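Chemist: This is the structure I want to talk about, given as structure tokens.
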Amino acid sequence: MKRIPFPHNDKDFIVEYHKTREGPNGFMCYYKNAATYRLNPLDAWRTLGIAKNTDTGKALKQWCIDMDSEHNADTL
């Protein structure tokens, strides 16, 4: 598995794109002391809740869509 971190990660907010050989690629999201694994890039972005409207949230949305389109040709 290859992990590609979001450039704006910090100690309380971490998003990584997991590219796997077997199984689906997805996003590991750690926010507000909870970790989730999302397959859809927009679901990964929505884990931010109301914070998705900030500059970092908008950058995360674009990064998630870019990662998914670059590594998953059949999604979105």
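The values are calculated or read from the model by the stated rules, or taken from the named source; none is laboratory data. Computed from a predicted structure; not experimentally measured. When we count neighbours, we look across all protein chains shown, and the Cβ atoms used for this are built from the backbone with ideal geometry, even at glycine.
Chemist: When you scan the stretch 1-59 for strands (runs of 3 or more DSSP E) that lie fully inside it, which ones turn up with 3 or more residues that are charged (D, E, K, R)?
Modeler: Where strands (runs of 3 or more DSSP E) fall fully within the stretch 1-59, none carries at least 3 residues being charged (D, E, K, R).
Chemist: Would a scan of the stretch 26-38 turn up a residue that is out of contact with any Asp or Glu (no Cβ under 8 Å at 6 or more places or on another chain), surrounded by 13 or more Cβ atoms within 10 Å (Cβ to Cβ) and touching a residue at least 24 places away in the same chain (Cβ under 8 Å)?
Modeler: No: the stretch 26-38 contains no residue that is out of contact with any Asp or Glu (no Cβ under 8 Å at 6 or more places or on another chain), surrounded by 13 or more Cβ atoms within 10 Å (Cβ to Cβ) and touching a residue at least 24 places away in the same chain (Cβ under 8 Å).
Chemist: Quick one: MET67 ticks every box in (1) of a type outside the set (Asp, Glu); (2) part of a helix (DSSP H, G or I); (3) more than 12 Å from the chain's Cα centre (by Cα) bar one, so which box is it?
Modeler: Here MET67 meets the rest and fails (3).
Chemist: While we're looking at this one, here's another question. With the structure loaded, tell me whether GLY57 is on the phi > 0 side of the Ramachandran plot and either within 9 Å of the chain's Cα centre (by Cα) or among the small types (Gly, Ala, Ser) (or both) or whether it fails that test.
Modeler: no
Chemist: Please go through the stretch 17-54 and pick out each residue that is charged (D, E, K, R) and on the phi > 0 side of the Ramachandran plot.
Modeler: Scanning the stretch 17-54 gives a single hit, LYS32.
Chemist: Scan the stretch 55-76 and report the pairs whose first residue is at pLDDT 90 or above and whose second residue is of a type in the set (Val, Ile, Thr) and surrounded by 12 or more Cβ atoms within 10 Å (Cβ to Cβ), with Cβ atoms within less than 7 Å and a gap of 6+ or a chain change.
Modeler: If the second residue must be of a type in the set (Val, Ile, Thr) and surrounded by 12 or more Cβ atoms within 10 Å (Cβ to Cβ), the pairs left are LEU60/VAL15; MET67/ILE4; ASP68/THR75.
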